[in-house]
Amino acid sequence: MSRALQHKPEMTNSRADFYGRMAAENMTPLWEVLHTLLAEEPVTDAIPHKWDYDSCRPYIMESAGVISAEEAERRVMVLENPGLKDRSCISEALYAGLQLIMPGEVAPAHRHSPCALRFIVEGTGAYTALNGEKAYMEPGDLILTPSWVWHDHGHDGDVPVVWLDGLDLPLVRGLGPVFAEPYPETEFPQGRPTGDNMARYGGNMRPFGEKITSANSPVFHFPYAEIRETVDTVSRAQDIDARHGFKLEYINPTTGGPVMPTIGTYMQKLPKGFAGDDYQTTAAWVYHCVEGSGRTHIGDETIEWKARDTFIAPAWYKHRHEADGDSFLFSFTDQPVHEKLGLFRDNM
Ligand code: 1HN
């Protein structure tokens, strides 16, 4: 190639003097930084990383004695990407954390413009209420709390419950429109009965005459028992994808698109002995192993994973999965944003 965008001009005394003088007017020379602003391919400071659940769990449990869910508002250990220190994010656009709720606790009702998902890691008996409609958690369940919906968490059971939170908070913060509001009471009043969202919108039917205007899935609870059965059934009569094994997207039933406008969510089965091809995309992928074990080669790194581990494949990192036994991986990604903005690319 005869021309490279990576060219950095030579610094001379007179140039340095000129740059120094224009700084008084809050102006800087683009040609000194253009090579960093316009890399030929996506560059991210995020790095591939795994949060080993066995190593993280003692700290999560210890946090119960450090602060209550109510005092903390949300008792969450942020999964901070080691390449993005002090930014509370797992990728440039996505946030992830592990949240603990103990029997009898409440995490007070609030709402915010960033949207969130919960993927249940361990325990049973806790719930998330959306506008007062409770969704009871089982390991492997996905529960959504879309933008600006009132939500609180509670726990009627008797074992600690931990879930993985995923939010588009870094993206929304970068764009600007972060709003949040506490509900005046700790708990939102009782709303519709448990399961109402699935009956209303998740049964291949919808209420007669209802206009659906939300950009988010009106189904907000996706139980693992059903999702696993779906993916497993499809895997028996479907050609395997060389990159993804058998991978299905959770959908907003009113659009067929992603469950929330900014975050896509997937469950994939990697059959015993699967050794996949490289996948490369502009989007970042947070993976969480529900069952099985294996490894994912991300760039030059190899991440070994087993049930309850969480790991990140940052934007544009080639990555390929290998499974020991039959394995199930949940994932969430900012891919829908890239697609909506016409910026998405991959190597499919
Ligand atoms: C939030 O509201 C929750 O509702 C969890 O459980 C994690 C991280 C940042 C900002 C808000 C929740 C959060 C959060």
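The values are calculated or read from the model by the stated rules, or taken from the named source; none is laboratory data. Everything numeric in this text was worked out from a predicted model, so none of it was measured. Here the Cβ is made from the backbone with ideal geometry for all residues, glycine too, and neighbour counts use every protein chain on show. When the accessible area is computed, the model is the full protein with side chains, heavy atoms only, and any ligands, DNA or RNA have been set aside. Shrake-Rupley method; radii C 1.70, N 1.55, O 1.52, S 1.80 Å.
What number goes with the only condition from (1) in a loop (DSSP other than H, G, I, E, B); (2) closer than 25 Å to S214 by Cβ that M27 does not pass?
Condition (2) is where M27 drops out.
Is there any pair with a first residue in the stretch 20-34 that is more than 14 Å from P9 (Cα to Cα) and a second that is open to solvent by 100 Å² or more (accessible area, probe 1.4 Å) whose Cβ atoms are under 8 Å apart and which are 6 or more apart or on different chains, and what are they?
From residues that are more than 14 Å from P9 (Cα to Cα), the pairs are M22/T28.
For the subset of the stretch 45-70 comprising residues that are under 17 Å from V290 (Cα atoms) and charged (D, E, K, R), which member is most open to solvent (accessible area, probe 1.4 Å)?
Initial filter on the stretch 45-70 (under 17 Å from V290 (Cα atoms)): 50-57.
After this cut, where a residue has to be charged (D, E, K, R) as well, the list is 50, 52, 54, 57.
Working: K50: 59, D52: 36, D54: 102, R57: 86 Å².
Step by step, filter the stretch 45-70, then rank; the result is D54.
So, M77, is that one more than 10 Å from the ligand (Cβ to nearest atom) and part of a strand (DSSP E or B) or not? Break it down stepwise before answering.
Numbers: more than 10 Å from the ligand (Cβ to nearest atom): yes; part of a strand (DSSP E or B): yes.
Answer is yes for this residue.
Go through the residues of the stretch 206-214 one by one and say whether even a single one is surrounded by fewer than 21 Cβ atoms within 10 Å (Cβ to Cβ) and touching a Gly at 6+ places or on another chain (Cβ under 6 Å).
Going through the stretch 206-214, the residues surrounded by fewer than 21 Cβ atoms within 10 Å (Cβ to Cβ) turn out to be 206-214.
Pick out the ones that are also touching a Gly at 6+ places or on another chain (Cβ under 6 Å) and you get none.
So far as the stretch 206-214 goes, no, none of its residues is surrounded by fewer than 21 Cβ atoms within 10 Å (Cβ to Cβ) and touching a Gly at 6+ places or on another chain (Cβ under 6 Å).
Hey, among the residues in the stretch 1-24 that are part of a helix (DSSP H, G or I) and among the basic types (K, R), which one's surrounded by the fewest Cβ atoms within 10 Å (Cβ to Cβ)?
Applying the first criterion (part of a helix (DSSP H, G or I)) to the stretch 1-24 yields 13-24.
From the residues that got through so far, the ones that are among the basic types (K, R) too are 15, 21.
Details: R15: 14, R21: 10.
Only one residue tops the list, namely R21.
State which residue is surrounded by the fewest Cβ atoms within 10 Å (Cβ to Cβ) when the search covers only the stretch 81-104 and only residues that are in a loop (DSSP other than H, G, I, E, B) and within 12 Å of the ligand (Cβ to nearest atom). Steps first, answer last, please.
Taking the stretch 81-104 as the starting set, the residues that turn out to be in a loop (DSSP other than H, G, I, E, B) are 81-94, 102-104.
If we keep only those that are within 12 Å of the ligand (Cβ to nearest atom) too, we end up with 88-90, 94.
On the way: S88: 18, C89: 24, I90: 28, L94: 27.
Taking the candidates together, the pick is S88.
So how many residues does the stretch 49-74 have that are within 15 Å of the ligand (Cβ to nearest atom), part of a helix (DSSP H, G or I) and polar (S, T, N, Q)? Give the derivation first.
First, the residues of the stretch 49-74 that are within 15 Å of the ligand (Cβ to nearest atom): 60, 63, 67-74.
Filter again for part of a helix (DSSP H, G or I), leaving 60, 63, 69-72.
Keeping just the survivors that are polar (S, T, N, Q) gives 63.
Within the stretch 49-74, residues that are within 15 Å of the ligand (Cβ to nearest atom), part of a helix (DSSP H, G or I) and polar (S, T, N, Q) number 1.
In the stretch 141-190, what count of residues is obtained for those that are assigned to a loop (DSSP other than H, G, I, E, B), of a type outside the set (F, W, Y) and surrounded by fewer than 22 Cβ atoms within 10 Å (Cβ to Cβ)?
Within the stretch 141-190, the subset assigned to a loop (DSSP other than H, G, I, E, B) is 141, 146-150, 156-160, 168, 176-179, 183-190.
Retained after the next criterion (residues that are of a type outside the set (F, W, Y)): 141, 146-147, 149, 156-160, 168, 176-178, 184-187, 189-190.
Pick out the ones that are also surrounded by fewer than 22 Cβ atoms within 10 Å (Cβ to Cβ) and you get 141, 147, 149, 156-160, 176-178, 184-187, 189-190.
Total satisfying the criteria: 17.
Can you name every residue in the stretch 109-124 that is within 12 Å of the ligand (Cβ to nearest atom), buried (at least 20 other Cβ atoms within 10 Å of the Cβ) and more than 20 Å from V259 (Cβ to Cβ)?
The one that is within 12 Å of the ligand (Cβ to nearest atom), buried (at least 20 other Cβ atoms within 10 Å of the Cβ) and more than 20 Å from V259 (Cβ to Cβ): A109.
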